[in-house]
There are 2 protein chains.
Amino acid sequence: MNFPSKLIENAVEELAKLPGIGRKTALRLALHLLKTETEQTVGMADALLKMRTLITYCKTCHNISDSETCSICANPGRDHSLVCVVSDIRDVMAIENTSQFKGVYHVLGGVISPIEGIGPSDLTINSLLERIPGSEIKEIILALSPTIEGDTTSFYITRKLKDFNLKITSIARGVPVGGELEYIDEITLGRSIVERSNYGRA
Amino acid sequence: MNFPSKLIENAVEELAKLPGIGRKTALRLALHLLKTETEQTVGMADALLKMRTLITYCKTCHNISDSETCSICANPGRDHSLVCVVSDIRDVMAIENTSQFKGVYHVLGGVISPIEGIGPSDLTINSLLERIPGSEIKEIILALSPTIEGDTTSFYITRKLKDFNLKITSIARGVPVGGELEYIDEITLGRSIVERSNYGRA
């Protein structure tokens, strides 16, 4: 691409470093910013800088937070005996959006993946183990993606937790609500039969 | 969406103002920045701010530029008798990438569109008319999109230019190179027959 201006070339190159944004999209975004008020660019740059430099992670659950303890861990109305282990901050937000979970979280920061060079020590598994003794934790819910990496991580954590007297559960695997049976993959459908739940009794 | 942090919420809201970026994508981008070095966010914010505040427009052709006259208008090796009229800066870049055009440009900044409230006075048409007297301009190439708005704009400019002794041309409309005839729309195919070009003679 021949850029008419070094300034726009730099902006495009920086935007194109973002995931899923190629140089053509980056150029469209840069030209959009040129067409809008200067305040919009200033506001965006400011918000991104503040986020990157001021954000902290909750010292208990490793969720992102504006303070040392996140709003979920600091909330006495939540059930602190129930800890939901997730891979990512986005998973916390997804579960929070369901309004179905009243416990607290533990964010691993990823899953064990030898291919990507991520081992147990790169995750916050030790912090989870340290969190248990002397706490009111009674149940650990493993809410990791049903992939090889997710299952490996769940298995690893289960083994590490075996010396604690805890109930360990996993989120249900099955047919998604609204899913057509004929389009569901065989493994999911098979598991949904094996792990069938009571529907009531006539 | 429930955000665990006001800082990330602000960043997501600012990113989601960009065209084609919704709140989910904005969140993915924000979390990506959190995972990368602080320098990347600083570099991006800096490049965007510099672009927005320091960029200027060429006083002759209205292309974006780092100086008062853009590198194309300032280049004595270009053919200044040939002016290609385009709607947008991206069109200049697209034509420059073909390496087929050695003339100079005139960037209108859009096309006439009553629906979007864009009239001739919102474009740089007057600046084009002022550019002609006393100049070496001999030919104006209209390179606007073949839409109703583009054709209206071409027609308007042609009428405004009728008092000048200039050759006015339009980029060729026809079947794209590599296009399959059966998939080309009827209007394009019809025009490509009416405006057929010589292929040589046996």
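Condition test on B:Val111, is it out of contact with any helix residue (DSSP H, G or I) (no Cβ under 8 Å at 6 or more places or on another chain) and modelled with pLDDT of 90 or more?
no
Taking the options B:Gly22, B:Gly77, B:Gly43, name whichever one is of a type outside the set (Asp, Glu), at the interface with chain A (Cβ under 7 Å from one of its Cβ atoms) and out of contact with any strand residue (DSSP E or B) (no Cβ under 6 Å at 6 or more places or on another chain).
From the options B:Gly22, B:Gly77, B:Gly43, the qualifying one is B:Gly43.
What about B:Asn63, is it facing chain A (nearest Cβ under 7 Å) and farther than 23 Å from A:Gly109 by Cβ?
So B:Asn63 passes the test.
Please specify each residue of segment B:61-72 satisfying the condition of being in a loop (DSSP other than H, G, I, E, B) and within 16 Å of the chain's Cα centre (by Cα).
Result: B:Cys61, B:His62, B:Asn63, B:Cys70, B:Ile72.
Could you please let me know if A:Asp163 is loosely packed, with under 10 Cβ neighbours inside 10 Å and in the same structural domain as A:Thr69 (by TED's automatic domain parsing)?
Yes.
For residues that are closer than 21 Å to B:Leu34 by Cα and either in a loop (DSSP other than H, G, I, E, B) or in contact (Cβ under 8 Å) with a residue 24 or more places away in the chain (or both), scanning just segment A:1-49, find the one that is nearest to the chain's Cα centre (by Cα).
For segment A:1-49, the residue satisfying everything is A:Pro19.
If B:Arg131 satisfies all but one of (1) surrounded by 16 or more Cβ atoms within 10 Å (Cβ to Cβ); (2) free of Cβ contacts under 8 Å to residues at least 12 places away in the same chain, what's the number of the condition it fails?
Of (1) surrounded by 16 or more Cβ atoms within 10 Å (Cβ to Cβ); (2) free of Cβ contacts under 8 Å to residues at least 12 places away in the same chain, only one is false for B:Arg131: (2).
Tell me, which helices (runs of 4 or more DSSP H) wholly within segment B:103-202 include 2 or more residues that are within 30 Å of B:Lys59 (Cα to Cα)?
Those helices (runs of 4 or more DSSP H) span B:125-131, B:148-160.
Give the residue that is nearest to B:Glu116 (Cα to Cα), with candidates limited to residues of segment B:178-193 that are surrounded by 14 or more Cβ atoms within 10 Å (Cβ to Cβ) and either under 23 Å from the mean Cα position of the chain (by Cα) or without any contact (Cβ under 8 Å) to a residue 12 or more places away in the chain (or both).
If we take residues in segment B:178-193 being surrounded by 14 or more Cβ atoms within 10 Å (Cβ to Cβ) and either under 23 Å from the mean Cα position of the chain (by Cα) or without any contact (Cβ under 8 Å) to a residue 12 or more places away in the chain (or both), then B:Thr188 is nearest to B:Glu116 (Cα to Cα).
Residue-by-condition table, conditions (1) of a type in the set (Gly, Ala, Ser); (2) at pLDDT 85 or above; (3) more than 29 Å from B:Pro114 (Cβ to Cβ):
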{"position": "B:Arg131", "(1), (2), (3)": "no, yes, no"}
{"position": "B:Gly134", "(1), (2), (3)": "yes, yes, yes"}
{"position": "B:Ile148", "(1), (2), (3)": "no, yes, no"}
{"position": "B:Thr152", "(1), (2), (3)": "no, yes, no"}
{"position": "B:Pro176", "(1), (2), (3)": "no, no, yes"}
{"position": "B:Glu195", "(1), (2), (3)": "no, no, no"}
{"position": "B:Ala202", "(1), (2), (3)": "yes, no, yes"}
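Has segment A:86-98 got at least one residue that is more than 16 Å from B:Met51 (Cβ to Cβ), of a type in the set (Lys, Arg) and either assigned to a loop (DSSP other than H, G, I, E, B) or not assigned by TED's automatic domain parsing to the domain that holds A:Thr158 (or both)?
no
Name the residue that is surrounded by the most Cβ atoms within 10 Å (Cβ to Cβ), counting only residues in segment B:98-122 that are more than 22 Å from B:Lys138 (Cα to Cα) and under 13 Å from the mean Cα position of the chain (by Cα).
Once the filter is applied, the top-ranked residue is B:Val111.
Can you tell which of A:Ile118, A:Ile141, A:Ile193, A:Ile187 is aliphatic (A, V, I, L, M) and touching a strand residue (DSSP E or B) at 6+ places or on another chain (Cβ under 7 Å)?
Being aliphatic (A, V, I, L, M) and touching a strand residue (DSSP E or B) at 6+ places or on another chain (Cβ under 7 Å) holds for just one of A:Ile118, A:Ile141, A:Ile193, A:Ile187, which is A:Ile141.
Regarding A:Thr53, is this residue without any contact (Cβ under 8 Å) to a residue 12 or more places away in the chain, more than 9 Å from every other protein chain (Cβ to nearest Cβ), surrounded by fewer than 22 Cβ atoms within 10 Å (Cβ to Cβ) and of a type in the set (Val, Ile, Thr)?
Answer is no for this residue.
The values are calculated or read from the model by the stated rules, or taken from the named source; none is laboratory data. Bear in mind the structure is a predicted one, so any value in this text is a computation, not a measurement. In this analysis, Cβ positions are derived from the backbone assuming ideal geometry, glycine residues included, and neighbour counts consider all displayed protein chains.
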